[in-house]
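The values are calculated or read from the model by the stated rules, or taken from the named source; none is laboratory data. Keep in mind it's a predicted model, so treat the numbers as computed, not measured. Please note: Cβ atoms are built from the backbone with ideal geometry, for glycine as well, and neighbour counts cover all protein chains shown. The accessibility values were calculated without ligands, DNA or RNA, using every heavy atom of the protein model including side chains. Shrake-Rupley method; radii C 1.70, N 1.55, O 1.52, S 1.80 Å.
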Amino acid sequence: MDNGNAEKSGSHAPSVDVALVCGARPNFMKVAPLHRAIATAGRLSQALVHTGQHHDFEMSRVFFRDLELPEPDVHLGAGSGTHAQQTARIMVAFEEYLAIASPRIVVVVGDVNSTLACGLVAAKSGVPVAHVEAGLRSFDRSMPEEINRVATDTLSSVLYTTCDDGTRNLIREGIAADSIRQVGNVMIDSLFRYRAAAAAYPSALPESLRGERYALVTLHRPYNVDGPDALDNVVRILEETSRRLSVVFPVHPRTRKSLERFGLLNRLAAAVCLLPSQSYLSFLGLMLAATVVLTDSGGIQEETTALGIPCLTMRENTERPVTVELGTNEVVGLDRARVGAALERALNGRRRPGVVPGWDGRAAERIAVDLMLRLSPSEVRNG
Ligand code: UD1
């Protein structure tokens, strides 16, 4: 499915109730529980549409394996590129798919380019859009994800939120309350489902680090890794962190390319245990055993909260403030002194999972029921 020659935009696509869209790594752990819940409920037909935004084995297919997702019904083969190129390629292919499959609703998740591209095409084609993980806001339009979130929410007729602040943001923006459903967090569904399997999964750690305390790092945001100065600062922070405890860093392809381009890879490798980007189960295994996590990811802020693992967010803001309110996450930016002080607090603090209503492993079931009520109400009510 990831070879770029895969089936293009569904020339034989049968008509379905739900087109469930995924495209990039953080989408897969969100669509997996949704696909399962819709299939288990059994009332609605669905097609899993992969845009091809992420295409390498370790960025895509390995997640289908770990999350027990079936092969996508349709692969749009969009691939990498600038924002405009990538978004446009997805839009053109998805428009062709919609014309043939005519789904009754398009479900998009998260905030990646695939989310916006497919939401925009569906809305303009007159197909209702349901956005899972609606309402999150960093209030920072320099992040492409923020633009994707705001635009997708504006286009959506059903908005599934993960927590109170998401719901509040939408109400403040004037979105009709009856189109908002606070259902909880589908990514936490996957986390709870696979936690035990991940703990038993063969560790990606080198022998020398097994049983040791370590900081787990993930960094791939363009403002942290695309420029030489920012990336040099990141490397310094990780070097300083490595003087306090071991550092383990599975490297995203974007970040690896920048480290190579700016000649920083060898310096970082001297201080830090660098790994290739990991599969879902392998990464979750690394997270479960970590003493602290340093990240610029959104989803990992939520996963560490649910697990009670201290998280330092190397950004100036977060669209997930509930993780900060609950005390598991601290937004530390890229200031070395701030990171160092927060690291000490994290190493000396108590670990306690943050409890958020609806982060209970059953969010996808609630969405599946809601979709059934919308698409076949009488049948569902009569049971
Ligand atoms: C995208 C999402 C981001 C998400 C991240 C998770 C947008 C705007 N950004 O960022 O929100 O947190 O995914 O990974 O949608 N590449 C590969 N192989 C792949 C995919 C990408 O080598 O399978 C490389 C390519 O050089 C590509 C670069 O990574 O140019 C960036 O990929 P892209 O999908 O543009 O953005 P991400 O940084 O992955």
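Of all residues in the range 239-254 being more than 16 Å from the ligand (Cβ to nearest atom) and assigned to a loop (DSSP other than H, G, I, E, B), which is least open to solvent (accessible area, probe 1.4 Å)? Among those that are more than 16 Å from the ligand (Cβ to nearest atom) and assigned to a loop (DSSP other than H, G, I, E, B), it is 245. Just one of the listed residues (208, 190) is at pLDDT below 95, farther than 21 Å from residue 338 by Cβ and not in a loop (DSSP other than H, G, I, E, B), and it is 208. What tally of residues in the range 56-72 results from selecting those that are near the ligand (Cβ under 10 Å from one of its atoms), open to solvent by 40 Å² or more (accessible area, probe 1.4 Å) and in contact with a helix residue (DSSP H, G or I) (Cβ under 9 Å, 6 or more places away or on another chain)? Total meeting the criteria: 2.
If you go through the range 136-184 and keep only what is open to solvent by 50 Å² or more (accessible area, probe 1.4 Å) and within 16 Å of the ligand (Cβ to nearest atom), you end up with 141, 142, 147.
Please find, within the range 317-343, the residue that is farthest from residue 160 (Cα to Cα) out of those that are assigned to a helix (DSSP H, G or I) and without any contact (Cβ under 8 Å) to a residue 60 or more places away in the chain. The selected residue is 337.
Listed by first and then second residue, the pairs linking a residue in the range 74-90 that is open to solvent by 30 Å² or more (accessible area, probe 1.4 Å) to a residue that is more than 10 Å from the ligand (Cβ to nearest atom), with Cβ atoms under 8 Å apart and 6 or more places separating them unless they lie on different chains, are 81/89; 89/76. Selection within the range 90-133: residues that are touching a Phe, Trp or Tyr at 6+ places or on another chain (Cβ under 6 Å) and within 26 Å of residue 163 (Cα to Cα). The member of this set that is farthest from the ligand (Cβ to nearest atom) is 132. Considering every residue within the range 267-275, establish whether at least one is out of contact with any Phe, Trp or Tyr (no Cβ under 6 Å at 6 or more places or on another chain) and either among the polar types (S, T, N, Q) or within 14 Å of the ligand (Cβ to nearest atom) (or both). No, because not a single residue in the range 267-275 is out of contact with any Phe, Trp or Tyr (no Cβ under 6 Å at 6 or more places or on another chain) and either among the polar types (S, T, N, Q) or within 14 Å of the ligand (Cβ to nearest atom) (or both).
Of the residues making up the range 38-63, those that are under 21 Å from residue 295 (Cβ atoms) and assigned to a loop (DSSP other than H, G, I, E, B) are 53, 54, 56, 60. Just to be sure before I move on: is residue 318 in contact with a strand residue (DSSP E or B) (Cβ under 9 Å, 6 or more places away or on another chain), modelled with pLDDT of 95 or more and under 27 Å from residue 353 (Cα atoms) in the structure I sent? Against the criterion (in contact with a strand residue (DSSP E or B) (Cβ under 9 Å, 6 or more places away or on another chain), modelled with pLDDT of 95 or more and under 27 Å from residue 353 (Cα atoms)), residue 318 qualifies.
Give the range 294-310 a look and list any residue that's in a helix (DSSP H, G or I) and under 13 Å from the mean Cα position of the chain (by Cα), or say none.
The first filter runs over the range 294-310 and keeps only residues in a helix (DSSP H, G or I), leaving 299-307.
Across the range 294-310, the qualifying residues are 299, 300, 301, 302, 303.
Of the numbered criteria (1) closer than 30 Å to residue 22 by Cα; (2) open to solvent by 20 Å² or more (accessible area, probe 1.4 Å); (3) more than 16 Å from the ligand (Cβ to nearest atom), the one residue 189 fails is (2).
Residues in the range 19-37 that are more than 15 Å from the chain's Cα centre (by Cα) and either in a helix (DSSP H, G or I) or surrounded by fewer than 24 Cβ atoms within 10 Å (Cβ to Cβ) (or both): 35, 36, 37.
In the range 297-309, is there at least one residue being closer than 15 Å to residue 218 by Cα, in the same structural domain as residue 234 (by TED's automatic domain parsing) and away from the ligand (no atom under 16 Å from the Cβ)?
Yes, there is a match, as at least one residue in the range 297-309 is closer than 15 Å to residue 218 by Cα, in the same structural domain as residue 234 (by TED's automatic domain parsing) and away from the ligand (no atom under 16 Å from the Cβ).
On the given criteria, is residue 82 out of contact with any Pro (no Cβ under 9 Å at 6 or more places or on another chain), under 23 Å from residue 29 (Cβ atoms) and either aromatic (Phe, Trp, Tyr) or within 12 Å of the ligand (Cβ to nearest atom) (or both)? Answer is no for this residue. Taking the criterion of being over 22 Å from residue 53 (Cα atoms) and touching a Gly at 6+ places or on another chain (Cβ under 9 Å), would at least one residue in the range 269-276 satisfy it? No - not one qualifying residue is present in the range 269-276. The number of residues in the range 257-274 that are aliphatic (A, V, I, L, M) and open to solvent by less than 20 Å² (accessible area, probe 1.4 Å) comes to 4. Only one of the listed residues (330, 303, 365) is in contact with a Cys (Cβ under 8 Å, 6 or more places away or on another chain), crowded, with 19+ Cβ neighbours inside 10 Å and modelled with pLDDT of 95 or more. That residue is 330.
Scanning the range 202-227 for residues that are without any contact (Cβ under 8 Å) to a residue 40 or more places away in the chain and crowded, with 18+ Cβ neighbours inside 10 Å yields one hit, 225. Set side by side, the residues 199, 176, 230 differ, and just one is more than 26 Å from residue 324 (Cβ to Cβ) and in contact (Cβ under 8 Å) with a residue 24 or more places away in the chain, which is 199.
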